[in-house]
Amino acid sequence: MADATPSLVLLAELGMPGQRIELDHDPAHYVVHVCRARPGDTFWATDGAGHLAHLRLVTVAPSVTAEVESRVRQPRKRECVVWCGAPEGTRADWLVEKLAELGVGTMQPVDCARSKWEARPSRMARWSRLAGSALRQSRSVYLMRIEPPRRLTELLESIPPGASLWFADPDGLKRVSPPEETMSIGMIGPAEGVDDRERGLLEARGFKPISLGESRLRSETAAMAWAAWWASGADG
């Protein structure tokens, strides 16, 4: 019998095999009212932290409950973090959605000299919802983290050792193979670009300039292009 849901269901807690869990409002609505699942139907779920579980729907009223039939962990072989300056207008929504679909581990908004993010709590909450929707669509078992904005100078002091470091630059390296390192960081400037001091700081820290195409790209397009380049290095 085919599973009832075409997309992964994101659950805060998966439980262990043999346990029954109660679904929160949003996943319950998706399973029962969108996918029209009925008791006995099965579906896949993740906690967004690398765990994947197969569940069987038990009840749909008065609460939606399911029994965990199996649970496994899928280790992450490679991870990337996108540091991104503020895009124009409302394009951040599109940016969050596409980076999450491409499997980016963390989106780190960066406040630069020429542009700063407007990351009100309501916008951060919306971005988290978009990341969750992208996880379901892409069937990923890892939920992209979205960090509060930080200054570039602060971030440069907290780079993990051994990370592969890249900086989107129209005059940078071309036709470069995706990195094989476990951790990669890609820096994308804001719509107004980084200034000379920031560029110097990136170069001094070891960020390699990389060209993402012949055209001049918007910040959100460049971020997606870099993430797609990184993702193309995955096994398989």
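Taking the Cβ of PHE43 as the centre, find all other residues whose Cβ is under 9 Å away and add up their charges (Lys, Arg: +1; Asp, Glu: -1).
Values: positive: ARG56; negative: ASP3, ASP41.
Taking every Cβ under 9 Å from that of PHE43, the sum is -1.
From the phi of every residue in segment 208-224, what ³J(HN,Hα) in whole Hz does the Karplus formula 6.51 cos²θ - 1.76 cosθ + 1.60 yield, where θ is phi - 60° and glycine or proline is x?
8, x, 9, 8, 9, x, 7, 8, 7, 9, 5, 4, 5, 5, 4, 5, 5
Toward the positive end of the charge dipole of the chain, about the Cα centre and with charges on Cβ (Lys, Arg +1; Asp, Glu -1), which of SER115, SER128, GLY193 goes farthest?
So the residue we want is SER128.
What percent antiparallel are the DSSP beta bridges of the chain, to the nearest 5? Intermediate results must be reported in sequence, preceding the final value.
Values: 18 of 43 bridges.
Given both bridge residues lie in the chain, the antiparallel proportion sits at roughly 40 percent.
Specify which residue in the list ALA12, PRO75, LEU156 is farthest towards the positive end of the charge dipole of the chain, using unit charges on the beta carbon of Lys, Arg (+1) and Asp, Glu (-1), about the Cα centre.
ALA12
Which of (i) 15.8; (ii) 12.2; (iii) 14.2 is the computed mean projected area of the Cα convex hull in nm² for the structure on display?
(iii)
In Å², what does the accessible area per residue of the chain work out to with a 1.4 Å probe? Walk me through the numbers before you get to the answer.
Working: 12210 Å² over 236 residues.
Value for the chain: 52 Å² per residue.
Kindly state, to the nearest 0.05, the FRET efficiency for ARG38 paired with TRP94, given R0 = 41 Å and r defined as their beta-carbon distance.
Working: r = 36 Å, r/R0 = 0.88.
The pair ARG38/TRP94 has a calculated efficiency of 0.70.
Would you mind pulling out the separation of the Cα centroids of segment 101-164 and segment 70-95, in Å?
6
Please list, in order, the residues from segment 167-199 whose amide nitrogen is less than 18 Å from a point placed 7 Å along the Cα→Cβ vector of ARG145.
182-187
Measure off 7 Å from each Cα along the Cα-to-Cβ vector at ARG129 and THR106, then give the distance between these two points in nanometres to one decimal.
2.6
What is the dipole size for segment 173-236, taken about its Cα centre, with +1 at each Lys and Arg Cβ and -1 at each Asp and Glu Cβ, in debye to the nearest 20? Kindly include the intermediate steps, with their values, before the conclusion.
Numbers: 8 positive and 10 negative charges, 34 e Å.
With only Lys, Arg, Asp and Glu charged at Cβ, the dipole is about 160 debye.
Projecting each Cα onto the charge dipole of the chain (Lys/Arg +1, Asp/Glu -1 at the beta carbon, about the Cα centre), which of VAL32, TRP226, GLY85 comes out farthest on the positive side?
Positive-most Cα among the choices belongs to VAL32.
Using θ = phi - 60° and the Karplus form 6.51 cos²θ - 1.76 cosθ + 1.60, what ³J(HN,Hα) does each residue of segment 45-57 get, whole Hz, x for Gly and Pro?
9, 9, 9, x, 10, x, 9, 10, 10, 9, 10, 10, 5
Taking H as built 1.01 Å from N, whose amide H comes closer than 5 Å to the amide H of ASP169, not counting residues under 5 places away?
ILE210, SER211, LEU212
Suppose every Lys and Arg Cβ carries +1 and every Asp and Glu Cβ carries -1, with no other charges. What dipole size does the chain come out with about its Cα centre, to the nearest 20 debye?
On the way: 30 positive and 31 negative charges, 40 e Å.
Dipole magnitude for the chain comes out near 200 debye.
Keeping the other protein chains in place, figure out the carbon and sulfur percent of the accessible area of the chain, with a 1.4 Å probe.
On the way: 5990 of 12210 Å².
Result for the chain: 49 percent of the exposed heavy-atom area is carbon or sulfur.
Net charge near PRO62, counting Lys/Arg +1 and Asp/Glu -1 over other residues with Cβ under 15 Å of its Cβ?
-1
Pulled fully out, how much extra length does the chain show between SER232 and SER211, if you take 0.36 nm times their separation in residues and subtract their Cα-Cα distance? Working shown, then result.
Working: separation 21, 0.36 × 21 = 7.56 nm, distance 1.58 nm.
Separation in residues times 0.36 nm, less the Cα-Cα distance, equals 6.0 nm.
The values are calculated or read from the model by the stated rules, or taken from the named source; none is laboratory data. Please read these numbers as outputs of a predicted model, since none were measured by experiment. Neighbour counts run over all protein chains shown; Cβ positions are idealised from the backbone, glycine included. These area figures cover heavy atoms from the full protein model, side chains too; ligands, DNA and RNA do not enter into them. Shrake-Rupley method; radii C 1.70, N 1.55, O 1.52, S 1.80 Å.
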